[in-house]
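Undergrad: I have a structure here, written as structure tokens, and I will follow up with some questions on it.
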Amino acid sequence: MVIDSDVYRKQGIRQGQRQEPLLAVRGNIYDTNNTPLTRNIIHYSVGVHPSKVKNKLEFANLISKSTEREADYYLKKLNSKADFVYLERNLRTNKVQALLGQRIAGLVLDRKFRRSYPHTHLASQLIGFTDVDDKGLIGIEKEFNSYLSGLNGWVVKQVNGEGRSQVKTSFPIKPPVDGANIQLTINLEYQSILQEELARQMDYAKAKGAMGILMNPQTGAILAMASLPDFNPNQPDVSPQENQKNRLITDQFEPGSTFKVVTATAAVATETVSLFDEFYCEDGQFTVAGKIITDHEKFGLLTFPQIIAHSSNVGTIKIAQKLGEKPLYKYSRDYGFGTSTGIRFPGEVQGVLRKTKDWSDMSLAEVSIGYEVAITALQLASAYSAIANGGVLLKPRLVKQILSQEGKIVYTENPEVIRRVASKEIMSTITDILVQVVNSGTGTKADIQGWSVAGKTGTAHKFIDGEYSKNKYISNFAGFFPAENPQVVCVIVLDEPRYGLHWGGYGAAPVFKRVVQRIINMDDSIQYQKPKIDAKTLLFADGSLKNKTSLPPLSTVTPYPKYTDGYTVVPDVRGMSIRKAKQILLSSKMRVSFKGSGTVVWQSPKPGTKKLPGSLCTMGLN
């Protein structure tokens, strides 16, 4: 003790003190409207040192009342000769309430946090999940784990001779720093609509899978993103691991005709083809480098806009032959194909766009109609966003901001321009052509009464094991609305739908329509603008274009005056959601009654009727 006093002093300090961790609470993830997408559930593990428990039967009965498990179960563990045993793990606070604050010899209560996902499958591949140590494994949980996890602290406790510890105010302590909260650009209501409609069509089409993305073309913000089949992040082991992939970012496919906007843009930008140029489409069959190219219909003479509107492969290839390889490659690259978008999310693939020196005699023709290229759904959405916003390719964004627990912004993603693809005037021309696709071309099933929608259908044979399958297809549709003031871009992709629904216009386009209709009826921020009809638009359908601008838009009310001599005039709420219809009727001083669910299909009294304020309006929904 005298000679080795320093050694024994240090040994005594080590034995009399113990450093224990103070766990940081993981930050939560929210949607753009601050709806929580994750939660932290406090749970406790109950353990004991059996030799230190004086009255084991009394202790077993106490725990049994809390957990509702038989007392004998605990007695067997309490009679163990082990130094320490766990009695229960992952108990909620209400199950251990009777034990909290109790000074029971040998009792050890370990307080931890468990990650929970209240919306289960909704945006599961996007949000991701954590492991048992609260570390993000996939998705946003993984990409921003360093922000979410925070920093653990520690506390030094005094330990007595029996091994029990207690906090001493004079001993050092380092408080934990809780993780930051993340606000995404995702709108949970949009996400729910998208997933519901994808699941509905996937079941109807007997498809292997389905993908969809909603994006704000003006900012690059992703409003919803889903791929099916998916999984429940609360029980990730129940579903195949493949279901955890965010396929819109990690999987690539050959798009087919949705890629024809690249050929069209290059032709307009280089002034190789005018809107008045006509091409003979060979009655639906054309030979290129010894390979026969066919159309889905036997087309004869079509103008350039009609070729895109009716998705003629023969016509598009003839435009590409006049255009040449270099412009086609340049605009493919400028649109972002063959390169990563730069989105902050793990696992993004670049896709495939070979340089022209590696092209074969068939490549010019194939690339112009969406073959020999591989893209992601995110790249397709970004490209159509560039058309919608007037020619600027934006970096896609998933994160709005990250806030510390004190509310300080520690990270933010602002709109970021990658490059200008083409001028606003050129993109306006491409938009006019895409409007015609929906008005009278292959995309009529995406048409929404009273709204101007721009879009393009795509159908492609799947490339499997080095060759194109004869009976497996990718059906896709890409579009945006309103065409004159685009606020949302939507891309829908079906993987191997049954024959008949393999066409993009029949498999994917109806999903676009249903998603958009529900968004219009749900979100009052989506504003309608009356389309402008000019001479160029009238050329597209060979004189058959129908002027739909006179039809009532879904999200507006016929402009009846609210009051006339003390009366209120019944507004037109047909085609609206029940929420929107109730808001409008109540603002018109009317009482509301409804039958059914869905959207309003009839109403009584009829629109325009004069009624006394407080009168009842009954609606039928379907």
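Undergrad: Listed residues MET619, MET576; which is at pLDDT 85 or above, surrounded by 18 or more Cβ atoms within 10 Å (Cβ to Cβ) and in contact with a strand residue (DSSP E or B) (Cβ under 7 Å, 6 or more places away or on another chain)?
TA: Criteria check complete, one pass: MET619.
Undergrad: Can you name the number of the only condition in (1) under 27 Å from GLU141 (Cα atoms); (2) buried (at least 24 other Cβ atoms within 10 Å of the Cβ) that GLY370 fails?
TA: (1)
Undergrad: Take the conditions buried (at least 16 other Cβ atoms within 10 Å of the Cβ) and touching a Ser or Thr at 6+ places or on another chain (Cβ under 7 Å) and apply them to THR376. Does it pass?
TA: No: the conditions fail for THR376.
Undergrad: Still on this structure, please answer the following. If we keep just the residues of region 201-256 that are free of Cβ contacts under 8 Å to residues at least 40 places away in the same chain, surrounded by fewer than 19 Cβ atoms within 10 Å (Cβ to Cβ) and not small (Gly, Ala, Ser), which is farthest from GLY139 (Cα to Cα)?
TA: ASP203
Undergrad: Take ALA377 and tell me if it is over 27 Å from the mean Cα position of the chain (by Cα), modelled with pLDDT of 95 or more and assigned by TED's automatic domain parsing to the domain that holds THR341.
TA: Spelling it out, it is not the case that ALA377 is over 27 Å from the mean Cα position of the chain (by Cα), modelled with pLDDT of 95 or more and assigned by TED's automatic domain parsing to the domain that holds THR341.
Undergrad: For a quick check of your reading of the model, give me the residue pairs whose first member lies in region 486-504 and is under 18 Å from GLN379 (Cβ atoms), whose second is of a type in the set (D, E, K, R), with beta-carbon atoms closer than 6 Å and at least 6 apart or on different chains.
TA: Filtered contacts from region 486-504: ASP495/LYS208.
Undergrad: Right, another one. So which residues in region 50-65 are in contact (Cβ under 8 Å) with a residue 12 or more places away in the chain, touching a helix residue (DSSP H, G or I) at 6+ places or on another chain (Cβ under 6 Å) and part of a helix (DSSP H, G or I)?
TA: Matches in region 50-65: PRO50, LYS56, ALA60, ILE63.
Undergrad: Of everything in region 106-157 that's buried (at least 18 other Cβ atoms within 10 Å of the Cβ), of a type outside the set (Gly, Ala, Ser) and more than 30 Å from the chain's Cα centre (by Cα), which residue is nearest to ILE193 (Cα to Cα)?
TA: Among those residues, the one meeting the criterion is VAL155.
Undergrad: Counting only residues that are outside any helix (DSSP H, G or I) and among the hydroxyl-bearing types (Ser, Thr, Tyr), how many does region 438-448 have?
TA: Residues meeting the conditions: 1.
Undergrad: Here's a follow-up. Please specify each residue of region 288-303 satisfying the condition of being without any contact (Cβ under 8 Å) to a residue 60 or more places away in the chain and either touching a Phe, Trp or Tyr at 6+ places or on another chain (Cβ under 8 Å) or not hydrophobic (A, V, I, L, M, F, W, C) (or both).
TA: GLY290, ILE292, THR294, ASP295, GLU297, LYS298, GLY300, LEU301, LEU302
Undergrad: Give me the residue from region 66-103 that is in contact (Cβ under 8 Å) with a residue 40 or more places away in the chain and touching a Lys or Arg at 6+ places or on another chain (Cβ under 7 Å) and, out of that set, farthest from ARG115 (Cα to Cα).
TA: If we take residues in region 66-103 being in contact (Cβ under 8 Å) with a residue 40 or more places away in the chain and touching a Lys or Arg at 6+ places or on another chain (Cβ under 7 Å), then LEU87 is farthest from ARG115 (Cα to Cα).
Undergrad: Being crowded, with 17+ Cβ neighbours inside 10 Å and either farther than 27 Å from ALA377 by Cα or touching an Asp or Glu at 6+ places or on another chain (Cβ under 7 Å) (or both) narrows it down to one residue among THR263, THR303; which is it?
TA: THR303
Undergrad: Among the numbered criteria (1) of a type outside the set (Ser, Thr, Tyr); (2) free of Cβ contacts under 8 Å to residues at least 40 places away in the same chain; (3) in a helix (DSSP H, G or I), which one does ILE433 miss?
TA: (2)
Undergrad: Still on this model: Kindly indicate whether GLY390 is more than 17 Å from the chain's Cα centre (by Cα) and closer than 30 Å to ASP295 by Cβ.
TA: So GLY390 fails the test.
Undergrad: Counting just the residues of region 394-430 that are in contact (Cβ under 8 Å) with a residue 24 or more places away in the chain and hydroxyl-bearing (Ser, Thr, Tyr), which one comes out surrounded by the fewest Cβ atoms within 10 Å (Cβ to Cβ)?
TA: Looking at the filtered set, the residue picked out is SER423.
Undergrad: May I ask you to list the residues in region 66-111 that are assigned to a strand (DSSP E or B) and at positive phi?
TA: ASN90
Undergrad: Consider region 222-251. How many of its residues are acidic (Asp, Glu) and touching a helix residue (DSSP H, G or I) at 6+ places or on another chain (Cβ under 9 Å)?
TA: Residues meeting the conditions: 2.
Undergrad: State yes or no: is TYR44 under 20 Å from GLN97 (Cα atoms), without any contact (Cβ under 8 Å) to a residue 60 or more places away in the chain and among the hydroxyl-bearing types (Ser, Thr, Tyr)?
TA: For TYR44, the condition - under 20 Å from GLN97 (Cα atoms), without any contact (Cβ under 8 Å) to a residue 60 or more places away in the chain and among the hydroxyl-bearing types (Ser, Thr, Tyr) - is not met.
Undergrad: Only residues that are in a loop (DSSP other than H, G, I, E, B), out of contact with any Leu (no Cβ under 8 Å at 6 or more places or on another chain) and of a type in the set (Phe, Trp, Tyr): list them for region 449-490, please.
TA: Correct list: empty.
The values are calculated or read from the model by the stated rules, or taken from the named source; none is laboratory data. Predicted model only: the values in this text are computed from it and were never measured. Glycine gets a Cβ as well: all are built from the backbone with ideal geometry, and neighbour counts include every protein chain shown.
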